[in-house]
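The values are calculated or read from the model by the stated rules, or taken from the named source; none is laboratory data. None of the values given here were measured: they were computed from a predicted structure. As a convention, Cβ positions derive from the backbone with ideal geometry for all residues, glycine included, and neighbour counts pool all protein chains shown. Heads up: the accessible areas ignore ligands, DNA and RNA and are worked out on the full protein's heavy atoms, side chains in. Shrake-Rupley method; radii C 1.70, N 1.55, O 1.52, S 1.80 Å.
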Amino acid sequence: MTKPFDIGVEALRQGLPDKNRRDADGAKAPDDRVRAMSELPSASLRARKLRSPEAAAKSFYLETFGCQMNDHDSEKVSGVLLGRGYRAVETPADADLVLYNTCSIREKAAQKVFARLGDWKTTSQGKIIGVLGCVAQQEGEEIFERAPWVSLVCGSASYRRLPDLIAELETGGRRVTGLDLDTDETFETEITRRDNPFRAYLTIIEGCDYSCAYCVVPHTRGPERSRRSDSVLSEVRRLADAGYTEIQLLGQTVNSYRDPSPRGMHFVDLLEAVAAVAGIRRVRFTTSHPNDFTREIVRAIDATPALCDHIHLPVQSGSTPILRAMRRTYTREEYLEKVSWIRAARRPISLTTDVIVGFPGESEADFDETLSLLDAIQCDGVFSFKYSPRPNTLAREMPDAISEEEKGRRLAVLQEHQRQIQIARNQTLVGTEFEVLVDARHAARDQWAGRSTSNRTVNFTSRHQSLLGEYVQTRVTRAGPNSLVGEHVV
Ligand code: 5AD
Ligand code: SF4
């Protein structure tokens, strides 16, 4: 990575688009985090466009669907292209190379990609159209059959081959593929085009070695590979030099991290080392797997202020028989025990989770167990989904499917249930103070918005004119289920 394509502190001062926010609607707007979370979780259909630097010969347009891992992969893919002399453009019509970084975690996400590809059926002449990410890996060369105008298909486990694949296309290659999964390398780039000026994402572990019965990820992202700790730490130091103060470590099972270098760091060692880098004030990490969630993680958060007091710990179901059918490797009781460690911490730690409703065989009693688990764990946010059968997964063949109608009903019940929990929890925060990193301005509402270390959104008023990128003390004056309203404490 070199600095020219990183957005550093200078950009923080210039007023930035409000595109990274998901739930800063303020308490006045209908609170939508519970609803939004069913649509916008770690794997959802948000399309983002990357902005262009100066003109160059060839141009590209990259649209991203899905999770933060995909967002960050796109930042790296953009870095590869920028390094090859491409420039980013705002619209696909203006681009020589049109890329879709795709998501296939649920069926709707995958369908959306084919709808996008359909747009090029008669208009792709002169352009290279490419499919990256999970749909590329899942569908492979069949994409060429369904959409013969596509010339590049590459899954994330093969991204380190991207420069070669692009070179092949540039020299007249008609169809190129990168679909190998048998790699122990991670995707590292010289240049990363960073799209978020406040928070730098950094993948420390790719792929997944679990085999949850509903999940395509092991098939689409391949086996687990951790990145060397020296490589992670030198990137963190470069990010700190570029002005970033907040780092988010990424991985499908981030806490399974195991340093492949002779240093042999464990996840907690790496967390502490990242938090110790000069200039880094906040370290987040997502997503944690309950199986690898240890007391040491809680102790580290307690001992190290720079480690954010927020843990995303997907439970998926509150019923042990359903967890077993899902192959989740823990029981309801074991999950509750891990939450009890979090609740026993000296500083309050915010907890969020993921839930799937309507997994095959989920009875009304199983569903009730999930609701009662939500009562017990008192989360600050739940990303909830209707089970969606996926190719190459065990659950696809399981009997006792739940009807779409019933899944929809359970989802609505669960979301309303959790909404009430969040209303009650957030109400207790009125009058308390949070330090937030300011990352948006809502001119129409005359409000600023920022995130606390616990990842709460505070929309607040201030007499100050230029707060983007600043750490600001706020006091909560009102609370909704998804966000807080407050004022700048001066
Ligand atoms: N159907 C519904 N939700 C799913 N998730 C993963 N696979 C599926 C599926 N087939 C959810 C899980 C996971 C989140 C990223 O997406 O809750 O934690
Ligand atoms: Fe999918 Fe399970 Fe791996 Fe998470 S741990 S990515 S849900 S297989």
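For the reader, a short list of remarks on this structure follows.
- Residues in the range 472-490 that are open to solvent by less than 10 Å² (accessible area, probe 1.4 Å) and touching a helix residue (DSSP H, G or I) at 6+ places or on another chain (Cβ under 8 Å): 480, 481, 482, 483, 484.
- Verdict on residue 134 being at pLDDT 90 or above, touching a Ser or Thr at 6+ places or on another chain (Cβ under 7 Å) and assigned to a helix (DSSP H, G or I): yes
- Number of positions in the range 299-343 that are closer than 16 Å to residue 356 by Cα and either of a type in the set (D, E, K, R) or not in a loop (DSSP other than H, G, I, E, B) (or both): 12
- Selection over the range 434-473 of residues that are assigned to a strand (DSSP E or B) and over 26 Å from residue 353 (Cβ atoms) gives a count of 10.
- Any chance residue 354 is away from ligand 2 (no atom under 16 Å from the Cβ) and open to solvent by 10 Å² or more (accessible area, probe 1.4 Å): no
- Residue 243, sole failed condition from (1) in contact (Cβ under 8 Å) with a residue 60 or more places away in the chain; (2) away from ligand 1 (no atom under 16 Å from the Cβ); (3) in a helix (DSSP H, G or I): (3)
- For the range 143-155, the set of residues classified as surrounded by fewer than 20 Cβ atoms within 10 Å (Cβ to Cβ) and not in a helix (DSSP H, G or I) consists of 148, 149, listed by residue number.
- When each of 234, 158 is tested for being part of a helix (DSSP H, G or I) and within 30 Å of residue 278 (Cα to Cα), the lone residue that passes is 234.
- Residues that are hydrophobic (A, V, I, L, M, F, W, C) and either in a strand (DSSP E or B) or away from ligand 2 (no atom under 12 Å from the Cβ) (or both) within the range 381-403 comprise 382, 383, 385, 398, 401, 402, listed in sequence order.
- Hey, residue 257 in contact with a Phe, Trp or Tyr (Cβ under 9 Å, 6 or more places away or on another chain), open to solvent by 10 Å² or more (accessible area, probe 1.4 Å) and either within 16 Å of ligand 2 (Cβ to nearest atom) or modelled with pLDDT under 95 (or both) or not: no
- Selection of the range 283-334 for residues being open to solvent by less than 20 Å² (accessible area, probe 1.4 Å) and basic (Lys, Arg) yields 284, 328.
- Residue within the range 165-172 that is of a type outside the set (A, V, I, L, M) and open to solvent by less than 50 Å² (accessible area, probe 1.4 Å) present: no
- Hits in the range 430-446 (condition: of a type in the set (A, V, I, L, M, F, W, C) and buried (at least 19 other Cβ atoms within 10 Å of the Cβ)): 434, 436, 437, 438, 440
- Residue count, the range 88-131 (criterion: in a loop (DSSP other than H, G, I, E, B), crowded, with 18+ Cβ neighbours inside 10 Å and either within 16 Å of ligand 2 (Cβ to nearest atom) or among the β-branched types (Val, Ile, Thr) (or both)): 5
- The conditions of being farther than 24 Å from residue 285 by Cβ, at pLDDT 95 or above, charged (D, E, K, R) and open to solvent by less than 80 Å² (accessible area, probe 1.4 Å) are not met by residue 416.
- Some residue of the range 59-74 being modelled with pLDDT of 50 or more, at positive phi, open to solvent by less than 50 Å² (accessible area, probe 1.4 Å) and under 17 Å from the mean Cα position of the chain (by Cα): yes
- Residue 180 vs. criteria surrounded by fewer than 19 Cβ atoms within 10 Å (Cβ to Cβ), assigned to a helix (DSSP H, G or I) and of a type in the set (Asp, Glu): no
- Residues being within 12 Å of ligand 1 (Cβ to nearest atom) and either crowded, with 16+ Cβ neighbours inside 10 Å or basic (Lys, Arg) (or both) - total across the range 371-393: 9
- Subset of the range 190-226 that is crowded, with 20+ Cβ neighbours inside 10 Å and hydroxyl-bearing (Ser, Thr, Tyr) - its residue that is nearest to ligand 1 (Cβ to nearest atom): 214
- Condition met for residue 215 (within 16 Å of ligand 2 (Cβ to nearest atom) and of a type outside the set (Gly, Ala, Ser)): yes
- Filter result for residue 280 (among the β-branched types (Val, Ile, Thr), farther than 29 Å from residue 315 by Cβ and open to solvent by less than 20 Å² (accessible area, probe 1.4 Å)): yes
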